[in-house]
Amino acid sequence: MKNIFTIMAMFFLVVSTFSCKKESYKEETEVPVKSTVSEDYNISILLDLSDRISLEKNPNPTMEYYQRDLGYIKSVSEAFTQHLKSKRIRQINDKMQLFFNPEPLDAAINTIAQNLRISIDKNNASKELLNSINSDYASQTSKIYESAIKDNKYVGSDIWSFFDSKVKDQCIENKYRNILIILTDGYMFYETTVMKEGNRTTYITPELIRKNGLNTKDWDKKFDEQDFGFIKANDDLSNLEVLVLGINPDKKNPYEEKVIRAYWSKWFTEMKITNFEIKNADLPSNMEKIIKDFILNKE
């Protein structure tokens, strides 16, 4: 009888050991399944239609600034369609739109902008629609710039007020990756939005930079110690990513570009925007990869 109990004990010990090893092997070899759900994009483009695009005031023999803008917009729309085509039809739920602030006086421009507000999902997604986005954006935005230049009555661009009163409502959606592309030369000025609080302002111009003595090698020390910068326009824009394109500093001041970047960077940081980039008015061919990498979130 004793032998029988010994044999049974040894049997259960072997079974138990094998079971533990099997369970351990299972735990070590299981690999978490990656989610197939892709991000939904909400891309906004804010156009600065001030006299920065004037062929008379700011000519550029290499490539006019409005043509550079059009090249940047082309890269943005291509990145958007590339993103759409990387998703399954049932996953598509993405948006792209174009804004001005203030709205141009030309009603035709506003109509074009309305037509460029794209909302695409599984119900309207088609190969034809996806293939038409790039050509539509290229042709329609070209009409906007041509009309603004021909009219020659540049209404300016109130970027500060856009961030103050419109960006949350128009550019930020819950459960989306919200990206704002701003096409501007880096300067801000709009006559009805001129405010000053200490050394903080709602505007920045070459004249202001010179007046404040930010055109010397010690500009950064003065900038920090005397708290220069933009007045904060919003408390929490942490759900927004921003790409600024077209910075065009006054060549008379060798520190101008750095000052402009400091203003914008400080402003974005104080509004809790963590992912932002500020790029110069380079040729579109040089900016294409930068734009697409930012939008498609490539390191």
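The values are calculated or read from the model by the stated rules, or taken from the named source; none is laboratory data. Please read these numbers as outputs of a predicted model, since none were measured by experiment. No Cβ is skipped: glycine too gets one built from the backbone with ideal geometry, and neighbour counts run over all protein chains shown. SASA here: full protein model, heavy atoms, side chains in, ligands and nucleic acids out. Shrake-Rupley method; radii C 1.70, N 1.55, O 1.52, S 1.80 Å.
Of note:
- Candidate set: region 241-289, residues that are among the aliphatic types (A, V, I, L, M) and under 21 Å from E64 (Cα atoms); chosen: the one most open to solvent (accessible area, probe 1.4 Å): L283
- Hits in region 146-165 (condition: over 21 Å from the mean Cα position of the chain (by Cα) and in a helix (DSSP H, G or I)): E146, S147, A148, I149, K150, D151
- Filtering K196, K217, K292 for residues that are within 14 Å of the chain's Cα centre (by Cα) and among the basic types (K, R) leaves a single hit, K292.
- Applying the condition of being modelled with pLDDT under 95 and open to solvent by less than 40 Å² (accessible area, probe 1.4 Å) to region 146-184 and asking which residue is nearest to D40 (Cα to Cα) yields S157.
- Reported count of residues in region 143-167, each being touching a helix residue (DSSP H, G or I) at 6+ places or on another chain (Cβ under 6 Å) and either touching a residue at least 60 places away in the same chain (Cβ under 8 Å) or among the β-branched types (V, I, T) (or both), is 3.
- Considering only residues in region 66-99 that are aromatic (F, W, Y) and surrounded by 20 or more Cβ atoms within 10 Å (Cβ to Cβ), the one that is farthest from the chain's Cα centre (by Cα) turns out to be Y66.
- Residue match in region 211-229 (condition: closer than 26 Å to I45 by Cβ and open to solvent by 30 Å² or more (accessible area, probe 1.4 Å)): no
- Each residue in region 18-47 was checked for being in contact with a Ser or Thr (Cβ under 8 Å, 6 or more places away or on another chain) and at pLDDT below 95, and 1 of them qualify.
- Here S142 does not qualify as part of a strand (DSSP E or B), under 20 Å from A79 (Cβ atoms) and of a type in the set (S, T, Y).
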